[in-house]
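Undergrad: Have a look at the structure that comes next, please.
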Amino acid sequence: MTARPLDGVRVLDLTIFLSGPLSTMYLAGLGAEVVKIERPGAGDPARGNPPYLGSDGISFGRPDGDQMSLSMLKRGRGKRSLAIDLKQDRGRQTFLDLLAVSDVVVENFRPGTMAALGLAPATLLAANPRAVVCSISGFGQTGPNAALPAMDLVAQALSGMMSLTGRADDPPLRTGIASGDVIAGLTATIAILAALRHRDRTGEGQLLDISMQDALLASVFDEAPDLYTRRGIPVRTGNQRTRLTPFNSYRAADGWLVITCGNDGHWRSLLTAMGRADLVTSGFFAAQEQRMAEAAEVDAFVEQWTSARSQHTVIETLREHGVPCAPVLEVLQIVDDAHVRFRGVLRPVEHPLAGPVDGIAAPELPMAFSATPAGFDRAAPTLGQDTDVVLSGLLGLDTGTIAELREQGVVG
């Protein structure tokens with residue numbers, strides 16, 4: 001069998017909610033052995049996120065029987081679950097024993113939480129100098145705000161992202177996805193892969209400090225919002241990007257679509273597609289600067305044409321002329337989209353006991369390798385599902401010792 005990209009890498013996953021679990025899910029999909037460390041009897045708080053799926057179907061009420069949160073069923077794929085109490089001495093020692101045979105530790109608690117357990121990141125690195133220890137938090141491990149609690153909405157607010165999202169006269173908006181968590185999780189994954197590369201070259205592990213605010217700031221300031229603000233140019237423009245006008249969503253007779261003109265050539269092609277080639281020779285808003293200054297007028301001109309036609313007719317006409325455009329798909333349309341199906345981006349979510357469930361989609365690993373397979377090889381685990389397997393397989397503990405630990409409440 002062909003090895004997967006991260007075969008042989010073992011990850012101890014102490015993360016909860018979204019940013020960390022997303023990162024470790026990617027590592028699992030790339031072939032790493034990910035052991036999710038969870039508190040006995042409770043586990044990742046995301047296990048309590050409704051809705052829940054079980055052999056009896058979907059529920060939004062309190063879970064019972066074999067029901068599991070859809071959040072966990074998606075983020076927990078490819079992982080094993082070890083239920084262990086890190087507040088007990090034997091629990092901490094068992095974790096350190098696992099660290100000795102592992103490559104990566106990922107945690108996303110508030111700074112200071114790990115230290116309070118006697119497991120500060122620097123302590124972990126000292127215990128295994130070859131380990132990559134990645135900490136994800138709202139504001140990083142250092143700085144005046146390091147100890148503040150943070151969730152996605154807080155990170156979006158403090159990164160400037162909300163100030164850029166929405167229309168100028170409306171309240172600032174969060175993005176439609178938990179972008180602070182998602183971008184921080186992806187940033188952590190990149191950092192972990194780079195640190196593993198360094199470790200493989202030098203034998204040296206290291207500490208990684210990933211901040212949700214930092215990760216979002218890097219995205220926000222990829223553009224120049226500071227310069228725009230100083231010059232009085234609006235930065236919260238809804239679906240517009242005025243310097244590339246027309247760049248917006250437009251109403252068709254039966255739905256919505258987007259049109260993006262990245263240059264003057266696209267604009268000339270759009271005019272031709274609209275049957276207004278005469279305006280090309282007249283120089284009608286010929287330069288981007290003109291269109292930017294009169295964005296509202298340009299958008300109204302374009303929508304007068306789109307609104308009189310079906311979404312399909314507009315899209316086909318524009319594509320024939322090479323104008324970048326797309327229909328705005330609703331969620332259920334995306335699930336049934338022919339290109340999405342061809343690419344295999346979505347698959348039925350899988351329950352560890354009930355198996356795959358049609359009608360509920362989970363994203364596959366969104367990357368394709370020509371030489372190495374990648375993807376999720378197991379459903380998300382129930383809480384503590386793999387405790388015995390991990391302790392016996394990795395640490396060589398016998399059934400009697402595991403039973404003793406379980407009786408003492410060290411593991412579950």
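The values are calculated or read from the model by the stated rules, or taken from the named source; none is laboratory data. Keep in mind that this is a model prediction, so the values were computed, not measured. Because the Cβ atoms are built from the backbone with ideal geometry, glycine has one as well, and the counts that use them run over all protein chains shown. In case anyone asks, the SASA skips ligands and DNA or RNA and just uses the protein heavy atoms, side chains included. Shrake-Rupley method; radii C 1.70, N 1.55, O 1.52, S 1.80 Å.
Undergrad: Hey, if you drop one equal point scatterer on each alpha-carbon of the chain and run the Debye formula without solvent, what base-10 log of I(q)/I(0) do you get at q = 0.07, 0.08, 0.12 Å⁻¹?
TA: -0.44, -0.56, -1.06
Undergrad: Something else now. May I ask for the percentage of alpha-carbon pairs in the stretch 211-253 that lie more than 16 Å from each other?
TA: It works out to 52 percent of all Cα pairs.
Undergrad: Could you give the Stokes-Einstein D for the stretch 273-331 in µm² per second, using the C-alpha Kirkwood radius, 25 °C, 0.890 mPa s? Write down the numbers at each step before the final one.
TA: Numbers: Rh = 12.9 Å.
The diffusion coefficient I find is 191 µm²/s.
Undergrad: Relative to the Cα centre, what is the charge dipole magnitude of the stretch 118-266, using +1 at the beta carbon of each Lys and Arg, -1 at the beta carbon of each Asp and Glu, and rounding to the nearest 20 debye?
TA: 140
Undergrad: Could you tell me which residue out of 409, 311, 189 lies farthest along the dipole of the chain toward its positive end? Charges go on the beta carbon: Lys and Arg +1, Asp and Glu -1, centred on the Cα centre.
TA: The residue sitting most towards the positive pole is 189.
Undergrad: Report, in degrees rounded to the nearest 10, the 0 to 90 angle that the Cα long axis of helix 264-273 makes with the longest principal axis of the chain.
TA: Its long axis makes an angle of about 70 degrees.
Undergrad: Compute the Rg/Rh shape ratio of the stretch 226-293: radius of gyration over Kirkwood radius, all on alpha-carbon atoms.
TA: Working: Rg = 13.5 Å, Rh = 13.2 Å.
Reported Rg/Rh, Kirkwood definition of Rh: 1.03.
Undergrad: On the Cα set of the stretch 26-88, report Rg and Dmax in Å, please.
TA: In Å, with Rg to one decimal and Dmax whole: 12.9, 37.
Undergrad: Separate question: Quantify how much of the Cα-Cα distance distribution of the stretch 312-412 extends past 18 Å, in percent.
TA: 69
Undergrad: Along Cα→Cβ, 7 Å out, is where each label goes; now give me the distance between the ones at residue 90 and residue 294 in nm to one decimal.
TA: In this crude spin-label approximation the distance works out to 8.0 nm.
Undergrad: Follow-up question, since we're still on this one. Mind checking the dipole of the stretch 13-86: about its Cα centre, +1 per Lys or Arg Cβ, -1 per Asp or Glu Cβ, Debye to the nearest 20?
TA: 180
Undergrad: Something else about it: Largest first and to the nearest Å, give the Cα extent of the stretch 165-324 along each principal axis.
TA: Cα extents, longest axis first: 67, 36, 30 Å.
Undergrad: Now for a separate question. Where does the stretch 151-192 land on the Kirkwood hydrodynamic radius, alpha-carbon pairs, in angstrom? Walk me through the numbers before you get to the answer.
TA: On the way: mean 1/r = 0.0918 Å⁻¹.
Computed over the stretch 151-192, the radius equals 10.9 Å.
Undergrad: Given 0.36 nm per residue, what is the gain on full extension from residue 3 to residue 398 after removing their alpha carbon distance, in nm?
TA: Details: separation 395, 0.36 × 395 = 142.20 nm, distance 3.01 nm.
Difference between extended and current length: 139.2 nm.
Undergrad: Related question: Which value, in debye to the nearest 20, gives the size of the charge dipole of the stretch 36-194 about its Cα centre, when Lys and Arg are +1 and Asp and Glu are -1 at the Cβ?
TA: Value, rounded to 20: 220 debye.
Undergrad: Top mean-square fluctuation among 40, 111, 366, Gaussian network model of the chain, C-alpha springs under 10 Å?
TA: Largest GNM mean-square fluctuation: 366.
Undergrad: Using only Cα atoms and rounding to the nearest 10 degrees, what angle (0 to 90) does helix 295-306 make with the longest principal axis of the chain?
TA: Once rounded, the angle reads 80 degrees.
Undergrad: Applying the Karplus parametrisation 6.51 cos²θ - 1.76 cosθ + 1.60 with θ = phi - 60° to the phi angles of the stretch 134-139, what ³J(HN,Hα) value in whole Hz is obtained for each residue in order, glycine and proline being reported as x?
TA: Computed from phi, the couplings for the stretch 134-139 are 10, 10, 10, 8, x, 10 Hz.
Undergrad: Using the Karplus equation 6.51 cos²θ - 1.76 cosθ + 1.60 (θ = phi - 60°), what ³J(HN,Hα) coupling, rounded to whole Hz, does each residue of the stretch 214-230 give in order, writing x for Gly and Pro?
TA: 4, 5, 5, 4, 4, 7, 5, 8, 4, 8, 10, x, 5, 5, 4, 4, 5
Undergrad: Still on this structure: Report, by chain and number, residues whose modeled amide H sits under 5 Å from the one on residue 134, excluding near sequence neighbours (fewer than 5 apart, same chain).
TA: 105, 106, 107, 208
Undergrad: Would you kindly derive the ³J(HN,Hα) couplings of the stretch 340-356 from the backbone phi angles with the Karplus curve 6.51 cos²θ - 1.76 cosθ + 1.60 (θ = phi - 60°), listing them in order in whole Hz, with x for Gly and Pro?
TA: Result, ordered by residue: 4, 5, 4, 6, x, 5, 10, 9, x, 5, 10, 9, x, 10, 8, x, x Hz.
Undergrad: Could I ask something else about it? Report the Cα-based extents of the stretch 10-149 along its three principal axes, largest first, to the nearest Å.
TA: So the extents along the principal axes, rounded to whole Å, are 48, 35, 31.
Undergrad: In degrees, nearest 10, range 0 to 90: what is the angle between the Cα axis of helix 179-202 and the longest Cα principal axis of the chain?
TA: That helix lies at roughly 60 degrees to the long axis.
Undergrad: In the stretch 1-103, what % of DSSP beta bridges are antiparallel (nearest 5)?
TA: Details: 5 of 14 bridges.
About 35 percent, rounded to the nearest 5.
Undergrad: Can I ask one more? Report the residues of the stretch 290-305 in range of a label on residue 170: point 7 Å along Cα→C-beta, backbone N strictly under 17 Å from it.
TA: The answer is 296, whose backbone nitrogens lie closer than 17 Å to the label point.
Undergrad: On to the next question. Taking the stretch 310-343, which GluC sites (Glu not before Pro) meet the DSSP loop condition and have no more than 14 other C-beta atoms within 10 Å?
TA: Taking the stretch 310-343 and a limit of 14 other Cβ atoms within 10 Å, the loop GluC sites (Glu not before Pro) found are 330.
Undergrad: What chymotrypsin sites (Phe, Trp or Tyr not before Pro) in the stretch 210-281 are in a loop by DSSP, with at most 13 other Cβ atoms within 10 Å of the Cβ? Intermediate results must be reported in sequence, preceding the final value.
TA: Details: sites: 221, 228, 247, 250, 256, 267; in loops: 221.
Loop-located and lightly packed - 221.
Undergrad: Per residue Cα convex hull volume for the stretch 85-224, in cubic angstrom?
TA: On the way: hull volume 17.3 nm³, N = 140.
Measuring per residue, one finds 124 Å³ for the Cα hull of the stretch 85-224.
Undergrad: With the other protein chains left in place, how much accessible area per residue, in square angstrom, belongs to the stretch 255-387 at a 1.4 angstrom probe?
TA: Solvent-accessible surface per residue comes out at 56 Å².
Undergrad: With every protein chain kept in place and ligands, DNA and RNA left out, what is the accessible area per residue of the stretch 176-219? Probe 1.4 Å, answer in Å².
TA: 46
Undergrad: Counting only residues 5 or more places away or on other chains, whose amide H sits under 5 Å from the amide H of residue 259 once H atoms are built in the peptide plane?
TA: Hits under the 5 Å cutoff: 248, 250.
Undergrad: Enter the accessible area per residue of the stretch 1-110 (Å², integer; probe 1.4 Å; all protein chains in place).
TA: Here the residues of the stretch 1-110 average 38 Å² of exposed surface.
Undergrad: Please report the carbon-and-sulfur percent of the accessible area for the chain; probe 1.4 Å, protein heavy atoms only, DNA, RNA and ligands left out.
TA: On the way: 10920 of 20180 Å².
Answer for the chain is 54 percent, counting heavy atoms of protein chains only.
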